[in-house]
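Single-structure report; data block below.
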Amino acid sequence: MSENTLNAALRRMGYSGEDMTAHGFRATFSTLANESGLWSADAIERALAHVERNEIRKAYARSTHWDERVRIASWWGEYLQKLADGSARHTTP
């Protein structure tokens, strides 16, 4: 699904581009995952499909952090479910 598809859905729901964008969901995830202190920054970046820009680090750091990314996805899904149920805390998940 493209970013444009998600943005069009947000517009149909009444959110302007000033209110919310598809990329905003990624930023929210990144912020909460980093603030939780539960996950390595590298695993969060890989979960967002970000590519290492430092060419030397990129050449040597080839880990995909798969196991941690699976745990992050589970943690995030549980947090979103709590939001849907109305039982999420109003602080970092």
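The values are calculated or read from the model by the stated rules, or taken from the named source; none is laboratory data. These numbers come from a predicted model, not from an experiment. For neighbour counting, all protein chains shown are included, and Cβ atoms are generated from backbone atoms with ideal geometry for every residue, glycine included.
Contact annotation: residue pairs with Cβ atoms under 7 Å, 6 or more positions apart or on different chains, pairing a residue in region 41-52 that is at negative phi and free of Cβ contacts under 8 Å to residues at least 12 places away in the same chain with a partner that is of a type in the set (Gly, Ala, Ser) and surrounded by fewer than 17 Cβ atoms within 10 Å (Cβ to Cβ), are GLU52/ALA61. If the condition is being at pLDDT 75 or above, hydrophobic (A, V, I, L, M, F, W, C) and touching a Lys or Arg at 6+ places or on another chain (Cβ under 8 Å), then region 40-89 contributes ALA43, ALA47, LEU48, ALA88.
The lone criterion from (1) modelled with pLDDT under 75; (2) part of a helix (DSSP H, G or I) left unmet by THR92 is number (2). Every test in (1) in contact with a Phe, Trp or Tyr (Cβ under 8 Å, 6 or more places away or on another chain); (2) at pLDDT 95 or above is passed by THR31 save one, and that test is (1).
Scanning region 25-35 for residues that are under 18 Å from ASP67 (Cα atoms) and surrounded by fewer than 16 Cβ atoms within 10 Å (Cβ to Cβ) yields a count of 1. Just one residue in the set ASP42, ASP19 is touching a His at 6+ places or on another chain (Cβ under 8 Å) and surrounded by 11 or more Cβ atoms within 10 Å (Cβ to Cβ); that residue is ASP42. Scanning region 24-36 for residues that are in contact (Cβ under 8 Å) with a residue 24 or more places away in the chain and of a type in the set (Gly, Ala, Ser), we see that the one that is farthest from LEU6 (Cα to Cα) is SER36.
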